1. Do you know which of the residues in region 67-100 that are touching a residue at least 60 places away in the same chain (Cβ under 8 Å) and within 24 Å of residue 30 (Cα to Cα) is surrounded by the most Cβ atoms within 10 Å (Cβ to Cβ)?
2. Scan region 101-150 for residues that are under 15 Å from residue 171 (Cβ atoms) and touching a residue at least 60 places away in the same chain (Cβ under 8 Å) and report the count.
3. If you take the residues of region 57-66 that are at negative phi and within 17 Å of the chain's Cα centre (by Cα), which of them is surrounded by the most Cβ atoms within 10 Å (Cβ to Cβ)?
4. Can you list the helices (runs of 4 or more DSSP H) found entirely within region 196-269 that contain at least 3 residues being among the basic types (Lys, Arg)?
5. Pairs please, first residue from region 252-269 and at pLDDT 95 or above, second anywhere and surrounded by 12 or more Cβ atoms within 10 Å (Cβ to Cβ) and basic (Lys, Arg), Cβ atoms under 6 Å, 6+ apart in sequence or on different chains.
6. List the number of the failed condition for residue 159; all other conditions in (1) part of a loop (DSSP other than H, G, I, E, B); (2) under 22 Å from the mean Cα position of the chain (by Cα); (3) buried (at least 17 other Cβ atoms within 10 Å of the Cβ) hold.
7. Among the residues in region 113-130, are any within 18 Å of residue 19 (Cα to Cα) and of a type in the set (Lys, Arg)?
8. What are the residues in region 180-195 that are within 14 Å of ligand 1 (Cβ to nearest atom) and part of a loop (DSSP other than H, G, I, E, B), if any?
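The values are calculated or read from the model by the stated rules, or taken from the named source; none is laboratory data. This structure is a prediction, so every number in the text was calculated from the model and none was measured. Here the Cβ positions follow ideal geometry from the backbone for every residue, glycine too, while neighbour counts run over all protein chains shown.
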Amino acid sequence: MSADATVEAGAATTGERAEMVRAENVHKSFGHLEVLKGIDLLVRAGEVSVVIGPSGSGKSTFLRCVNHLEKINAGRIFVNGDLIGYRQRGDKLHELREKEVAEQRRAIGMVFQRFNLFPHMTAMGNVMEAPCRVKREPKARARERAVALLERVGLGDKVDSYPAQLSGGQQQRVAIARALAMQPKLMLFDEPTSALDPELVGEVLDVMKDLARDGMTMIVVTHEIGFAREVGDSLIFMDGGVVVESGHPREVLTAPKQERTKAFLAKVL
Ligand code: ADP
Ligand code: MG
């Protein structure tokens, strides 16, 4: 899809790939509970970062902060050069209003554990919805693109099916097509296969691997270590609201440096 574009953009700016996500010292609390305790992360255009870690370590919260579904208490997050939640004018920062936040969020696609499809709309209707409503794309054009996206996720024969008529794996693939319909520069996946029956996991991972090979920048929270090994450019182990260890998946998986990483991997591998 945008592989050439992203690689070119990177090469044009720095000689290496452009930065797509930069998180600096991100803190997030809910009341007295400090969930993120200074997260740093860099993802370059076209890279796949896989985030692993025990339940409650702050993985979902971090993704939600990147997408500005949660407001951070300290630190900064840049996506594609834009400071999330703010607009820079000269040397002044203005906090974005709700509507502007929504606009900033458009560059980011998110896929959740639960598919959250509109039950009263067909697969095609679900994929067309945001381009028509948000971007005011003409119906015929949106329909054409929706069909192409559904074909891309292997559901060319299901365009007229309703979510209830689809398996969990098929619904999750519709959810991926729906996120892609807004032509995001970044895709966030929050345990996209955790709610699926084991035999349906592979078809969703295959679609994600295709996307990765096509050059999409992705942050993927998952317990699917094989996915990290196969397409991950980096593997990040989070625990207790901090990044305990990160590096190339091969290194982290075969020679983890931290005891906490070793203990976690022993449980999931
Ligand atoms: P993970 O995705 O790694 O399992 P989460 O980011 O979902 O972890 O949660 C991290 C911690 O933050 C948990 O203790 C969770 O209960 C808490 N938490 C998450 N969202 C909220 C919220 N909206 N309000 C209060 N606590 C929350
Ligand atoms: Mg989570």
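1. 79
2. 6
3. My answer is 62.
4. 259-268
5. Filtered contacts from region 252-269: 256/262.
6. Exception for residue 159: condition (2).
7. Checking region 113-130: not a single residue is within 18 Å of residue 19 (Cα to Cα) and of a type in the set (Lys, Arg).
8. Of everything in region 180-195, those that are within 14 Å of ligand 1 (Cβ to nearest atom) and part of a loop (DSSP other than H, G, I, E, B) turn out to be 191, 192, 194, 195.
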